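The values are calculated or read from the model by the stated rules, or taken from the named source; none is laboratory data. Not measured: the values here are computed from a predicted model. Every residue, glycine as well, gets a Cβ built from its backbone with ideal geometry; the counts of neighbours run over all protein chains shown.
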Amino acid sequence: ESIAHATSKIKNKKILITAGGTKERIDPVRYITNDSSGKMGYALAKAAALAGAQVYLISTNASRVVPHGVKAQYVQSALEMQQAVKKIFATVDVVIMAAAVSDYRPEKKWSKKIKKGTANDLTDLKLVKNPDILASLGEEKQHQYLVGFAAETNDLETYANQKLTRKHADMIIANDVSKQELGFNSDFNAVTVLTHSSKPIRLPVAAKSQLATKIIDLIAQHIS
Ligand code: CTP
Ligand code: CA
């Protein structure tokens, strides 16, 4: 199947994309987050919009320019992101979870700034696990095509394949984050695309914008 023909399958499809690292509040001046820049999610939103999809972006990063034609909504925490995703999940055809969702959040959010040397000093900050948004979509999905990422420093394809199965995803974009110059915050990346129906597709180092176009093409080839 030619790429041009496949990409036309994306036209008018509703695609939900999450982007950026979630922020998990400790108090009004502190939070826990990660190194995700949101670049890959925004590049995917742009590529999908250019292919004629209706794109909804749920982002943690309000300072980034929203690609033309994309509807954006901003959230901070994993719980807020999950709520926003669930609200429109039933109406979309494809979900791409490009966000780096924090695995943990503080057990409690303090309404006032925590002061050093007081009883609630942060030296014993307690964390609890966040829900796995992608895995919960995997349990609920009907017609939706689910795409996740896997950020790994080692045993990339093994761990990524486990995520494909465990989260009931249809595609995993595996991302080697052991190399400082690639991945998080870089304009470049190299990924391996895993699905249930084809062999791993290795996309070598390229600009995130170029990779995004290829990933949207691959998604188009897989959706009916
Ligand atoms: N993800 C999610 N909700 C979470 C954690 C991750 O939806 N609470 C999604 C991410 O958006 C990504 C995929 O799951 O699409 C894989 O994220 P990753 O951090 O690589 O995997 P985890 O399942 O969190 O496992 P670990 O960090 O232990 O490798
Ligand atoms: Ca994680």
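To keep it simple, each residue is scored yes or no on (1) modelled with pLDDT under 95; (2) aliphatic (A, V, I, L, M); (3) closer than 21 Å to ILE172 by Cα.
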residue	(1), (2), (3)
GLY41	no, no, yes
ALA45	no, yes, yes
ALA48	no, yes, yes
ALA53	no, yes, yes
ALA84	no, yes, no
ILE88	no, yes, no
ALA98	no, yes, yes
Legend entry - Pairs with Cβ under 8 Å, 6+ apart, first in segment 203-215 and part of a helix (DSSP H, G or I), second among the charged types (D, E, K, R): LYS208/LYS39; LYS208/ASP187; SER209/LYS46; ALA212/LYS46
Legend entry - Selection from segment 122-137 of residues that are within 9 Å of ligand 1 (Cβ to nearest atom) and not aliphatic (A, V, I, L, M): LYS129, ASN130, PRO131, ASP132, SER136
Legend entry - Residue in segment 130-165 that is farthest from ligand 2 (Cβ to nearest atom), counting only those that are under 21 Å from ILE201 (Cβ atoms) and in contact with a helix residue (DSSP H, G or I) (Cβ under 7 Å, 6 or more places away or on another chain): TYR145
Legend entry - Those residues of segment 182-192 which are crowded, with 21+ Cβ neighbours inside 10 Å and within 19 Å of ILE223 (Cα to Cα), in sequence order: none
Inset, instruction - Identify the residue in segment 85-126 that is farther than 26 Å from ILE219 by Cβ and surrounded by 14 or more Cβ atoms within 10 Å (Cβ to Cβ) and, among all such residues, is nearest to ligand 2 (Cβ to nearest atom). - result: ARG105
Legend entry - segment 91-108 residues that are hydroxyl-bearing (Ser, Thr, Tyr), paired with ones that are within 10 Å of ligand 1 (Cβ to nearest atom) and modelled with pLDDT under 95 (beta carbon under 8 Å, 6 or more apart): SER102/ASN34
Legend entry - Failed criterion for GLU140 (all others in (1) without any contact (Cβ under 8 Å) to a residue 40 or more places away in the chain; (2) more than 8 Å from ligand 1 (Cβ to nearest atom) hold): (1)
Legend entry - Condition check for ALA119: among the aliphatic types (A, V, I, L, M) and near ligand 1 (Cβ under 8 Å from one of its atoms): no
Legend entry - Unmet criterion (only one of (1) at pLDDT below 95; (2) part of a loop (DSSP other than H, G, I, E, B); (3) among the charged types (D, E, K, R); (4) more than 16 Å from ligand 2 (Cβ to nearest atom)) for ARG64: (1)
Legend entry - Scan of segment 169-181 for residues that are crowded, with 16+ Cβ neighbours inside 10 Å and either farther than 18 Å from ALA19 by Cβ or within 15 Å of ligand 2 (Cβ to nearest atom) (or both), ordered by number: ALA169, ASP170, ILE172, ILE173, ALA174, ASN175, ASP176, VAL177
Legend entry - Those residues of segment 25-50 which are in a helix (DSSP H, G or I) and either in contact with a strand residue (DSSP E or B) (Cβ under 8 Å, 6 or more places away or on another chain) or under 13 Å from PHE188 (Cα atoms) (or both), in sequence order: LYS39, MET40, GLY41, TYR42, ALA43, LEU44, ALA45, ALA48, ALA49
Legend entry - Restricting segment 208-224 to residues that are aliphatic (A, V, I, L, M) and modelled with pLDDT of 95 or more, the residue that is surrounded by the most Cβ atoms within 10 Å (Cβ to Cβ): ILE219
